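For reference, the structure discussed in these notes is given below.
Throughout, read-outs are computed from the coordinates displayed, never taken from laboratory work. If you're wondering where the values come from, they're calculated on a predicted model, not measured in any experiment. FYI the Cβ positions are ideal-geometry reconstructions off the backbone, even for glycines, and counts take in every protein chain you see.
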Amino acid sequence: MATGKVDCPDCAGVLRPWGWARPRGVHGITGVVRPRRARCSGCSVTHVLLPVTVLVRRAYAVVVIGAALLARAGGSGHRRIAVELGVPAATVRGWLRVMGSRLEATRLHLLQVAHRAGVDQPVPKALGCPWRDVLAALGAATAALIGRFGGFGVIGPVTAWQVAAACSAGRLLSPGWPSRWPGATGNTSCP
């Protein structure tokens with residue numbers, strides 16, 4: 001960021017360091033997460049830069065949420081998943097409802113990532129279950145990104161759930177993601 005290589009997601013400006021966001025505890029991560037803040041030199045908007053281990057506005061690490069989605073693909077219900085993960089049942093039910101409403105859009109987004117990042121990446125075969133199809137697409141995206149950039153990142157080995165967080169810009173469970181229209185950015189209220 002100090003070298004001016006991080007672009008603003010809202011305009012053509014460049015992000016510069018702007019202090020730190022408040023420290024926060026995240027279930028599934030030891031210690032406290034203190035995200036970096038940045039300010040755009042073009043539009044003067046500030047942004048909180050989250051690590052790929054967390055999602056926007058979620059108190060649980062992406063690996064915990066991913067374990068819930070993986071268990072759902074295996075056929076478990078929200079109550080059983082909640083007990084296994086030690087998470088309130090209402091929280092798991094919310095994750096599954098949000099993800100369940102966008103399975104096909106998420107699958108397509110991940111397949112686009114795999115296609116753009118990888119050379120000759122095969123499209124995963126349909127597995128007969130939309131939940132498993134999303135996980136297959138996530139596997140393809142992860143393989144493509146690891147094949148292109150390597151399997152070891154700044155914070156250690158690259159995992160599929162880190163890829164999911166990075167490909168969604170931390171918005172895997174946020175409203176309005178993925179955008180419904182190709183090329184849509186920011187405001188998705190009109191085509």
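For the reader, a short list of remarks on this structure follows.
- Taking the Cα centre of the stretch 11-93 as reference, the dipole from Cβ charges on Lys and Arg (+1) and Asp and Glu (-1) amounts to some 240 debye.
- Total charge dipole magnitude, the chain, about the Cα centre, Cβ charges on Lys, Arg, Asp, Glu only, Debye to nearest 20: 500
- All distinct Cα pairs of the stretch 62-167 go into the 1/r average, and the inverse of that average, the Kirkwood radius, is 14.3 Å.
- Whole-angstrom gap from the stretch 44-107 to the stretch 113-152, using each part's C-alpha centre: 19
- Most mobile of PRO51, PRO23, PRO178 in a GNM of the chain (Cα contacts under 10 Å): PRO23
- Under the convention that each Lys and Arg Cβ holds +1 and each Asp and Glu Cβ holds -1, the size of the dipole of the stretch 62-167 around its Cα centre is about 260 debye.
- Ordering ALA89, VAL163, HIS115 by Cα displacement along the dipole of the stretch 85-171 toward the positive end leaves ALA89 in first place; charges were set at the Cβ atoms of Lys, Arg (+1) and Asp, Glu (-1).
- Theoretical ellipticity at 222 nm over the chain - DSSP helices of four or more residues, -39500 (n - 2.57) apiece, nearest 500: -12500 deg cm²/dmol
- Between VAL45, VAL62, VAL87, the GNM of the chain built on Cα springs shorter than 10 angstrom shows VAL45 fluctuating the most.
- Between ARG22, ARG171, ARG36, the residue with the greatest mean-square fluctuation in the GNM of the chain (Cα pairs under 10 Å linked by springs) is ARG22.
- Kirkwood analysis of the Cα pair distances in the chain returns a hydrodynamic radius of 17.9 Å.
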